[in-house]
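Colleague: Here it is: the structure, laid out below.
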Amino acid sequence: MPAGIKNAPVINSMSMMFPMIMYWITHEDRWLKKCMLPMAVTEENITDDIYETAKLSISYAKVKAGMPGNVAEKDMKKCKAPALVMAGEKDCLFPAKRVLPTAERIIQNATTYLLEGRGHMSSLTEGEKQMITEF
């Protein structure tokens with residue numbers, strides 16, 4: 001998971017805040033979908049299981065303000081284990097254009113993969129699932 005490698009600026013996730021607040025107030029599904037859309041890129045990517053997971057998370061989990069901090073480069077350079085880093089091209093939270101070059105620089109044994117055209121919420125292709133299994 002690319003969290004903590006090179007996060008997007010907080011401003012990238014601000015478009016989700018108003019719909020999330022409106023969902024908390026109204027519990028109307030349309031607001032939850034509007035909250036999820038910047039992460040999903042298209043409504044087709046909001047599958048039933050992704051929708052239900054998000055709904056339960058927003059309804060029952062304490063959502064922490066802010067993103068996890070970026071890991072220190074000196075700490076990551078200590079990691080000798082192979083790492084597969086997959087990042088979505090249109091991920092508003094952990095964008096591939098920031099994550100993948102940083103991962104290649106700070107993780108000694110990194111294999112990186114661009115999830116083309118995908119955001120934070122998306123399904124993997126069978127080939128990508130196989131890539132993970134083989135890794």
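Colleague: Please go through (1) over 19 Å from residue 5 (Cβ atoms); (2) in contact with a His (Cβ under 8 Å, 6 or more places away or on another chain) for residue 91 and return the number of the only condition it doesn't satisfy.
Modeller: (1)
Colleague: Would you mind finding the one in 97, 80, 129 that is more than 25 Å from residue 37 (Cβ to Cβ), outside the structural domain of residue 14 (by TED's automatic domain parsing) and either free of Cβ contacts under 8 Å to residues at least 24 places away in the same chain or assigned to a loop (DSSP other than H, G, I, E, B) (or both)?
Modeller: Values: 97 fails: more than 25 Å from residue 37 (Cβ to Cβ); 129 fails: more than 25 Å from residue 37 (Cβ to Cβ).
Of the residues listed, the single one that is more than 25 Å from residue 37 (Cβ to Cβ), outside the structural domain of residue 14 (by TED's automatic domain parsing) and either free of Cβ contacts under 8 Å to residues at least 24 places away in the same chain or assigned to a loop (DSSP other than H, G, I, E, B) (or both) is 80.
Colleague: Only one of (1) under 14 Å from the mean Cα position of the chain (by Cα); (2) at pLDDT below 95 fails for residue 114. Which number is that?
Modeller: Of the numbered conditions (1) under 14 Å from the mean Cα position of the chain (by Cα); (2) at pLDDT below 95, the odd one out for residue 114 is (2).
Colleague: Any residue at all in region 103-111 that's under 21 Å from residue 13 (Cα atoms) and in a strand (DSSP E or B)?
Modeller: For region 103-111, residues under 21 Å from residue 13 (Cα atoms) and in a strand (DSSP E or B): absent.
Colleague: Among what's in region 6-45 and is outside any helix (DSSP H, G or I) and surrounded by fewer than 19 Cβ atoms within 10 Å (Cβ to Cβ), pick the residue that is nearest to the chain's Cα centre (by Cα).
Modeller: For region 6-45, the residue satisfying everything is 8.
Colleague: Considering only region 46-59, state which residues are among the small types (Gly, Ala, Ser) and surrounded by fewer than 17 Cβ atoms within 10 Å (Cβ to Cβ).
Modeller: Hits for region 46-59 are 57, 59.
Colleague: Return yes when residue 79 is surrounded by 14 or more Cβ atoms within 10 Å (Cβ to Cβ) and out of contact with any helix residue (DSSP H, G or I) (no Cβ under 8 Å at 6 or more places or on another chain) and no when it is not.
Modeller: yes
Colleague: Which residue is farthest from residue 121 (Cα to Cα), if the candidates are limited to region 46-71 and must be assigned to a loop (DSSP other than H, G, I, E, B), at pLDDT 80 or above and of a type in the set (A, V, I, L, M, F, W, C)?
Modeller: 71
Colleague: For region 72-89, how many residues are at pLDDT below 90 and hydrophobic (A, V, I, L, M, F, W, C)?
Modeller: Qualifying residue count for the region: 3.
The values are calculated or read from the model by the stated rules, or taken from the named source; none is laboratory data. None of these values were measured; they are calculated from a predicted model. Neighbour counts are summed over all protein chains in view; Cβ atoms, including those assigned to glycine, are modelled from backbone coordinates with ideal geometry.
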